[in-house]
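This report concerns only the one structure given below.
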Amino acid sequence: MQHNKKGVTLLEILIAVLLMSVIFLAVSSLYLAARRFYITARDKAVISSEAQYAIQHIYKYAMQAMGDKNTAPFTVTANQLDIRIYTGAADPITSTAYGNSSNYTSYSYTYNDTDKKLYFQEGSGSPQDLMEKVSVTGLTLNKIESGTVTTAFTGSITASYNGQSQIFYFSCYPRFASFH
């Protein structure tokens, strides 16, 4: 009696299904890990982009700050940075109009702890949200003084987005008018 050996046994099918299941499980685990990594990297990139914009914005205006012998170019408090920029037509160092407050425009950066936002305001205009996509969970501003005059400042912005959080540090040493 001769047996037909062309068929597949049940044991061979079970082994094949088991091997395919192990391969599928490994591939799906790799896919899920890569997806989590992508989402984390994307969220951190959003935070970085928003924070970089805000820091460059602060730096741009702080580098234009000018004071005189009576008024510092900027004031720093716990949640606010006020910057004065000379906008008069004459040379600010030699002009008699230099000390006149009407020749300056003020710019303010304010951190609102309630709604977790960093706002920028030019003069008496309406405040603008500098970091629209992310929550600002902390702002630290520190003065660097020379005598009684604030000459520079450092700070940090803590921002979060979709469960990710990052801290960014910055410093600014603006140019100054002569204080003769």
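Quick look at the numbers
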item: Neighbour net charge for Gln121 - beta-carbon separation under 13 angstrom, K R +1, D E -1; result: -2
item: Computed E for Leu32/Asn79 - FRET, C-beta separation, R0 41 angstrom, nearest 0.05; result: 0.50
item: Formal net charge of residues neighbouring Arg36 (Cβ-Cβ distance under 15 Å; K, R +1; D, E -1); result: +2
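Where a number appears in this text, it was derived from the coordinates with a stated rule and is not lab data. Computed from a predicted structure; not experimentally measured. Note that each Cβ is placed from the backbone with ideal geometry, even for glycine, and that neighbours are counted across all protein chains shown.
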